[in-house]
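Single-structure report; data block below.
The values are calculated or read from the model by the stated rules, or taken from the named source; none is laboratory data. Note that the structure is predicted; figures quoted are calculated from it, not measured. Note that we place each Cβ from the backbone using ideal geometry, even for glycine, and neighbour counts take in every protein chain shown. The area values use the complete protein model at the heavy-atom level, side chains included, leaving out ligands, DNA and RNA. Shrake-Rupley method; radii C 1.70, N 1.55, O 1.52, S 1.80 Å.
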Amino acid sequence: MRSRFERMVSAVERAQVLDAPSYQVEHGVSLTFLLAGRYARPLQDLLHGVWLGHPVHPFLVTVPVGAWTAAALLDGLDATGRGGPGTAQAAQAVVGLGVAGAVASAATGMTDWQHAHDEARRVGLVHAALNSTALALYSWSLADRRRGRAVRARVTAAVGYAVVLAGGYLGGTLSYRHRLGVDHSVGSREPRRFTRVADLADLPDGEPVGVDVAGVPVVLVGTEGAVRAVSGRCPHQGAPLGEGWLHRDELVCPWHGSRFDLDTGEPAQGPSTAPLPCYDTRIRDGRVEVRRRAHWRSATALTTVEEASR
Ligand code: FES
């Protein structure tokens, strides 16, 4: 059983035939946001979950999955004559709730998926196709329930539930194997002690510079004699932030344009929903030293200048 699932997922990951339709869908998503004009960016940040500090999609999918699981139970009771007088109405209500939740979770999922690459893009496309199929089946089931076609409504919902489970399996693959929606910033707590990383004189003013601190990528930004330091890897999908740039004193990711506050690491713009880890900095004898900040959400970056003789 396990290897059968594994083979199916691998087949989807290798299916280059999915690339052309996936780019068409992505262009459709981009065009939709373009039509929103100046509201496009806030709308995308809302759907990504920047306001929440966590992707919205994973917890929103619990609405259709939970509602349709309840519908399957109620349909089973109704079909076997064990339900009460309001069972069919309750099933209809939760199917409707699931349809509404599925529309919302599709919007958040497509917004996240548009930045996926390669295998994750293909798996995401099939995941979306399965969930869209399930949504269509449940919408059909809901219409049948309203028309009093109870048997066909229950059969359609049962097929839809099987499709939802298959879509959910691929959703798990996207999270646990392809790490979509996972924080990719540096997880290491190092360096715990101040460590020399660069000469202050070598830092260009207002330009991010990537350095390696014992295997940990860090970005230094020197402005007017002060130096701030943040993780060198973007939380969204791990882009090298040393190749990014500054925009209004925020660090911009070179891959998908997330912008991060240099003092707190908080994303000012998505798609990243997670903040960047920050580092304390100090300057000693003209050398920049960094230390991973113990409480990296604290609001102020620390730059101290110390004389070598102290
Ligand atoms: S990797 Fe996507 S915004 Fe940075």
Point to revise | Residue among 286, 270, 265 that alone is away from the ligand (no atom under 16 Å from the Cβ) and either more than 29 Å from residue 52 (Cα to Cα) or at pLDDT below 95 (or both) | key: 286
Review point. Of everything in segment 151-179 that's over 33 Å from the mean Cα position of the chain (by Cα) and surrounded by 17 or more Cβ atoms within 10 Å (Cβ to Cβ), which residue is nearest to residue 7 (Cα to Cα)?
Key: 154
Check your understanding: Of the residues in segment 50-64, how many are open to solvent by less than 40 Å² (accessible area, probe 1.4 Å), closer than 19 Å to residue 172 by Cα and not in a helix (DSSP H, G or I)?
Key -> 2
Review point. Among the residues of segment 232-258 satisfying the criterion of being open to solvent by 50 Å² or more (accessible area, probe 1.4 Å) and not acidic (Asp, Glu), which is nearest to the ligand (Cβ to nearest atom)?
Key: 255
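So which strands (runs of 3 or more DSSP E) stay within segment 152-271 end to end and still have 3 or more residues that are without any contact (Cβ under 8 Å) to a residue 40 or more places away in the chain? Reasoning before the result, please.
Working: elements: 195-199, 208-213, 216-223, 226-231, 245-247, 250-252, 259-261, 267-269.
Passing ranges, in order: 208-213, 216-223, 259-261.
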Check your understanding: Can you name the number of the only condition in (1) modelled with pLDDT under 95; (2) within 16 Å of the ligand (Cβ to nearest atom); (3) in contact with a Cys (Cβ under 7 Å, 6 or more places away or on another chain) that residue 275 fails?
Key -> (3)
